[in-house]
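Working notes, beginning with the structure itself.
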Amino acid sequence: MCVGFFIICLDATVVNVAVPDIRASLGASLNEAVRVNSAYVLCYAVPLILARRLGDRYGPKRIFLTGLAGFVTASLACALAPGAPVLIAARVVQGLAAALIAPQTMALIVHLFPAERRGRALGVWGAVGGAAMAAGPVIGGLLITWTGSRGIFLVNIPVGVIGWIAAARLLPDRRPAREHRLDL
């Protein structure tokens with residue numbers, strides 16, 4: 001769960017240092033380059049409550065795995081984007097996928113850990129998110145130096161695949177005890 005949470009938090013800040021490279025490599029305007037990050041953050045934050053409810057309805061493991069698969073796929077689309085509009089659209093999908101991931105991690109922690117160990121587990125979860133946000137600019141700078149801006153998206157693919165395989169094998173498939181409806 002922490003691998004998935006790490007990469008979605010990392011992607012909230014890693015793009016900030018890539019703006020000059022994105023502009024140069026894609027011929028993007030400053031507004032387009034800013035939208036690359038804004039699209040992700042907006043599409044991550046807005047649907048969080050709905051995404052949590054989807055976990056209540058269909059099970060947090062299923063929604064987590066769906067979100068992680070979508071995030072990895074969108075990362076590949078970001079890396080291969082031929083221009084700013086495609087990159088922005090892929091970042092929208094990345095943000096929506098991240099919104100599916102984040103609330104399921106907390107729900108699974110609450111379910112998996114007894115009350116006396118839950119505080120420590122949530123502390124690790126929070127530390128992973130904080131470390132990812134802080135490390136984003138540093139990791140982004142290194143990746144851009146070595147690979148260009150496409151590398152900041154490509155790195156998500158092997159990490160996300162490893163996280164998906166581990167989650168598929170290790171997380172329990174907890175189904176809701178009662179039917180939850182979506183109240184749009």
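If the Kirkwood radius is taken over C-alpha pairs of the chain, then at 37 °C and 0.692 mPa s the Stokes-Einstein diffusion coefficient equals 197 µm²/s. For T73 and V161, the difference between the fully extended length at 0.36 nm per residue and the C-alpha to C-alpha distance is 30.7 nm.
Over all orientations, the range 66-119 has a Cα convex hull whose mean projected area works out to 4.1 square nanometres.
For the range 23-107, the Cα gyration tensor yields ellipsoid semi-axes of 28, 12, 7 Å (square root of five times each eigenvalue, largest first, whole Å). The residues packed around V46, meaning those with a beta-carbon under 15 Å from its beta-carbon, carry a net charge of +3 if Lys and Arg are +1 and Asp and Glu are -1.
Note on A24 and A89: the extension gain reaches 21.5 nm, defined as 0.36 nm multiplied by sequence separation minus the Cα-Cα distance.
Per-residue surface analysis assigns S29 an accessible area of about 50 Å², computed on protein heavy atoms at 1.4 Å probe radius.
Ranking request for peptides 121-132, 76-87: highest mean number of other beta-carbon atoms within 10 Å first, then the rest in descending order. It would help to have the intermediate numbers written out before the result.
On the way: 121-132: 15.0, 76-87: 17.2.
Most protected by this proxy first, the peptides run 76-87, 121-132.
Of the DSSP H helices in the chain, those with a Cα length along their own long axis of 18 Å or more and a mean Kyte-Doolittle hydropathy reaching 1.0 comprise 60-80, 84-112, 156-170. Each peptide among 40-46, 150-156 gets the average number of other Cβ atoms lying within 10 Å of its residues, and from highest to lowest they stand as 150-156, 40-46. How much net charge surrounds A99 when only the other residues with a Cβ under 14 Å from the Cβ of A99 are counted, with Lys and Arg +1 and Asp and Glu -1? Residues close to A99 contribute a combined charge of +2.
If the chain linking R169 and T147 were pulled fully straight, counting 0.36 nm for each residue of separation and taking away their Cα-Cα distance, it would gain 4.7 nm.
The values are calculated or read from the model by the stated rules, or taken from the named source; none is laboratory data. These figures come from a predicted structure and were not determined experimentally. Note that each Cβ is placed from the backbone with ideal geometry, even for glycine, and that neighbours are counted across all protein chains shown. These area figures cover heavy atoms from the full protein model, side chains too; ligands, DNA and RNA do not enter into them. Shrake-Rupley method; radii C 1.70, N 1.55, O 1.52, S 1.80 Å.
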